[in-house]
Amino acid sequence: MRAVWRASAVAVFVWMMIGGRAEATSIIFNNVSRFDFQSSRAAESSPLADITVAAPTVITEIGVYNDLASDGNLKFLIFNLDTHALLFQSAPQAFVDDGLSFKLSNIFAPFTLLPGINYGIGAIANVAGGWGINNGSAGNPFTQNGITSSDDRNGNVSNFASPTLGGEGSAMIIIELGNDTVATVPEPATLLLLGSGIAFVARRRRSSRA
């Protein structure tokens, strides 16, 4: 049995060397350190963060810093601020009124942000709430991992059923962006079976040499 477990350990090491890894969650942008004010908005009205990138950047998750007035739904959005085109819209997600906190989207298919485009990123709620912003008191812009948020031209979106980009403001909107990568990881039973196979082959080789 000791040989089996030894072989299993070898199998784990081999698996790691050939690229097997656990689920990895990476927060690549979070400007909450700039938060200084809540912008009260009615239902179906919200601000979007003005986001630019220095290089192509993949995101699979959006978070907004929000205090919902009651339980409600959010749709997470990505707009092109220049053309007003809606580039991404999530399905509605239900959230409880838990005070000011990051409301995170479900993981979505990888979306690549490209240099040279001003994106409006955030969410719209079907209930009233306070949206975390920075009014310029902490200094702008804010850059992390090649992603920049500024107060130059935050977008404002309305209409929960069919989100539409309207006029622009001048506040930094607090958001979080994530890039989640999931790789296949063998179950413990699979690793044990693989290790047992290695041990069996090793025993057969030893027997054939005897």
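The values are calculated or read from the model by the stated rules, or taken from the named source; none is laboratory data. Since the structure is predicted, the reported quantities are computational estimates derived from the model, not experimental observations. A quick note on method: Cβ atoms are made from the backbone with ideal geometry, for glycine too, and the neighbour counts reach across all protein chains shown.
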Next item on the list: Quick one: in the range 151-165, of everything that is modelled with pLDDT under 95 and surrounded by fewer than 18 Cβ atoms within 10 Å (Cβ to Cβ), which residue is nearest to Phe88 (Cα to Cα)?
Entry: Arg153
Notebook entry, point to check: If you check Ala54, Ala49, Ala42, Ala69, which single one turns out to be over 21 Å from Ile133 (Cβ atoms), in the same structural domain as Leu104 (by TED's automatic domain parsing) and at pLDDT 90 or above?
Noted result: Ala54
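This table checks each residue for (1) within 17 Å of Leu48 (Cα to Cα); (2) surrounded by fewer than 14 Cβ atoms within 10 Å (Cβ to Cβ).
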site	(1), (2)
Ala94	no, yes
Asp98	no, yes
Asn106	no, yes
Gly116	no, yes
Gly120	yes, no
Asn126	yes, no
Phe142	yes, no
Gly146	no, no
Next item on the list: Could you tell me which residue of the range 32-54 is surrounded by the fewest Cβ atoms within 10 Å (Cβ to Cβ), considering only residues that are over 15 Å from Thr164 (Cβ atoms) and of a type in the set (Asp, Glu)?
Entry: Asp36
